[in-house]
Amino acid sequence: MSRKPELRGRAARLARLFPTGPGQAARTPFVVLVVLLLGGGLIGLLVLNSALSEGAFKLDDLKDDTKSLTDEEQALQRDVDGYSAPDALQRRARELGMVPGGDPVFLNPDGTIKGVPSPAALEDPTIPLVFAPQM
């Protein structure tokens, strides 16, 4: 039989730190720990995945809302542009009984008038007062 040699000094002190018997670590706590960690990780991934899916659905709904609001804004802007076009303004002014003014007259700070004042004359409504810009 082989005998272990006797240890002395520092080696003997270190040898006392190690178990001497044929000890076997219990596997059950380790297996339970690993199963709990894996299960917790899977549940965490499931929660994260469902949260991301919910966010994707919400993002899709917000994109649809943005698209419809953008379309509505463009339609309203077309209406405003149509109402503020020079020919539309001229037509509405004539419908309201307005006539184009003549040459402007200015009042100087000393009270004198610069220009010749005259009442606005009713012009022929078939002649356009707004001219297309020349390029």
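Here are some notes:
- By average C-beta atoms within 10 angstrom, highest first, the peptides 103-112, 30-39: 30-39, 103-112
- Distance between region 53-69 and region 82-125 - C-alpha centres, whole angstrom: 51 Å
- Whole-Hz couplings from phi, Karplus 6.51/-1.76/1.60, listed for region 66-73; x for Gly and Pro: 4, 5, 5, 5, 5, 4, 5, 4
- For region 35-44, putting each phi into the Karplus relation 6.51 cos²θ - 1.76 cosθ + 1.60 with θ = phi - 60° gives couplings of 5, 5, 5, 5, x, x, x, 5, 5, x Hz, in residue order, rounded to whole numbers and with x for Gly and Pro.
- Region 67-120: C-alpha gyration tensor shape, a/c 1.5 cut-off, then a/b vs b/c: prolate
- Region 73-125, accessible area per residue, ligands and nucleic acids excluded (1.4 Å, Å²): 88 Å²
The values are calculated or read from the model by the stated rules, or taken from the named source; none is laboratory data. Since the structure is predicted, the reported quantities are computational estimates derived from the model, not experimental observations. Here the Cβ is made from the backbone with ideal geometry for all residues, glycine too, and neighbour counts use every protein chain on show. Heads up: the accessible areas ignore ligands, DNA and RNA and are worked out on the full protein's heavy atoms, side chains in. Shrake-Rupley method; radii C 1.70, N 1.55, O 1.52, S 1.80 Å.
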